[in-house]
1. Taking only pairs six or more apart or across chains, which ones have beta-carbon atoms under 6 Å, a first residue in the stretch 123-150 that is closer than 30 Å to Asp220 by Cα and touching a residue at least 24 places away in the same chain (Cβ under 8 Å), and a second residue that is in a helix (DSSP H, G or I) and of a type outside the set (Phe, Trp, Tyr)?
2. Could you grab me the full set of residues in the stretch 63-78 that are outside any loop (DSSP other than H, G, I, E, B) and open to solvent by 40 Å² or more (accessible area, probe 1.4 Å)?
3. Hey, can you tell me all the residues within the stretch 42-54 that are assigned to a helix (DSSP H, G or I) and more than 19 Å from Phe222 (Cβ to Cβ)?
4. Within the stretch 88-194, which strands (runs of 3 or more DSSP E) (wholly inside it) include 3 or more residues that are open to solvent by 20 Å² or more (accessible area, probe 1.4 Å) and modelled with pLDDT of 80 or more?
5. Tally up the residues in the stretch 196-217 that are out of contact with any helix residue (DSSP H, G or I) (no Cβ under 6 Å at 6 or more places or on another chain) and either at positive phi or part of a strand (DSSP E or B) (or both), please.
6. Could you say whether any residue in the stretch 220-235 is touching a residue at least 60 places away in the same chain (Cβ under 8 Å), assigned to a helix (DSSP H, G or I) and more than 25 Å from Arg297 (Cα to Cα)?
7. When only residues in the stretch 195-220 that are crowded, with 22+ Cβ neighbours inside 10 Å and out of contact with any Cys (no Cβ under 8 Å at 6 or more places or on another chain) count, which is farthest from Glu258 (Cα to Cα)?
Amino acid sequence: MLFTQTGLGSTQLTNVGDMMEIDWLEDFLALSAAGVFAKAADARNISQSAFTRRIKNLEYWIGTPLFDRSVHPVVLTQAGQAFRPVAHDMINTLSTARAEAKGLVRREGEVLDFVALHTLAISYFPGWITSIGKTLGPIKSRVVAENFSGCVEAILSGSSDFMLCYHHPTVPMIADDARYPSMKIAEDRMVAVSAAAPDGSARYRLDSEEPFPLLSYTRDSFLGKMTNLILERTGLRDRCVFQYENSVCEALKAASLEGMGVAWLPMAAAERELNEGRLVKISDDGSENPISIHLYRSMERSRSDVERFWSYMSSMH
């Protein structure tokens with residue numbers, strides 16, 4: 001898709017003159033959120049060299065640097081800050097036009113769009129939205145499950161009304177920006193679990209002299225960062241042996257149920273299996289970590305149903 005620019009506040013489609021690809025805009029927003037070229041390239045699922053080249057192409061098209069590369073993570077220049085809302089508008093306009101062309105646009109206010117971490121989309125969202133519906137009435141919702149970077153990109157690009165993510169002070173989230181306010185809606189806790197032996201005891205223990213097999217998340221994922229924080233703080237890093245890695249909590253839970261090793265899971269995700277005795281909690285307060293669940297919204301996506309939902313959530317928290 002091609003554009004020409006008629007000023008930072010106005011853009012139009014063109015087939016002649018200077019040209020720009022919509023991918024460059026999405027790359028720009030990804031880097032403005034991540035601040036690190038490697039992380040942003042990974043979120044966009046392209047090589048870092050290709051990602052860097054596309055950012056440079058956008059800057060050539062604009063005619064000035066959009067990022068200050070003298071600091072790490074990189075930050076937006078003054079021109080980059082001015083261009084960011086324009087990039088949002090351009091992507092939103094194209095997305096709406098494309099959806100309308102395909103006959104996919106919902107009626108205004110009919111559906112609330114959420115993006116959520118995989119774990120929250122599976123283990124938390126259904127019960128949460130149902131409980132809210134008991135007060136507000138049935139809520140039509142659409143949920144997209146994403147990894148951490150994908151969630152941030154979705155809310156920043158304006159493709160979702162709301163975002164559900166875990167939160168911890170040690171993990172950077174969206175920069176303080178009035179356009180993306182958030183609230184804490186629940187508390188959870190990272191706990192270590194093991195499959196149950198036939199007699200109901202834990203197959204693996206953290207206090208055993210034998211090293212335990214570790215079921216781990218990818219290092220850059222939120223739950224991976226929480227697990228690594230616990231392992232380093234408790235000294236358990238030296239007593240575990242890598243066994244299996246997966247970025248999705250439900251996959252690690254399944255591996256733990258199969259007896260493959262020890263996994264740190266959010267309590268809400270493991271509660272049913274713990275109550276049924278198929279999993280056993282083997283951690284104590286010292287080897288656990290509190291986390292919270294936050295709801296974010298995009299102020300750039302405002303309509304009556306969105307405002308009604310946000311107002312209700314604000315009144316409850």
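1. Taking only residues 6 or more apart or on different chains, the pairs are Ser123/Ala268; Ser123/Ala269; Tyr124/Ala268; Ser141/Ile129; Val143/Ala121; Ala145/His118; Ala145/Ala121; Ser149/Ala43.
2. In the first step, residues of the stretch 63-78 are kept if they are outside any loop (DSSP other than H, G, I, E, B); the result is 67-68, 75-76, 78.
The answer is Asp68, Val75, Gln78.
3. Gln48, Ser49, Ala50, Phe51, Thr52, Arg53, Arg54, listed by residue number.
4. Counting at least 3 such residues, we get 141-146.
5. 7
6. Yes; the residues of the stretch 220-235 include at least one that is touching a residue at least 60 places away in the same chain (Cβ under 8 Å), assigned to a helix (DSSP H, G or I) and more than 25 Å from Arg297 (Cα to Cα).
7. Restricting to residues being crowded, with 22+ Cβ neighbours inside 10 Å and out of contact with any Cys (no Cβ under 8 Å at 6 or more places or on another chain), the top hit is Ser216.
The values are calculated or read from the model by the stated rules, or taken from the named source; none is laboratory data. Not measured: the values here are computed from a predicted model. All Cβ positions, even for glycine, are placed from backbone atoms using ideal geometry, and neighbour counts span all protein chains on display. Note: accessible area is taken over every heavy atom of the protein model, side chains too, but ligands, DNA and RNA are not part of it. Shrake-Rupley method; radii C 1.70, N 1.55, O 1.52, S 1.80 Å.
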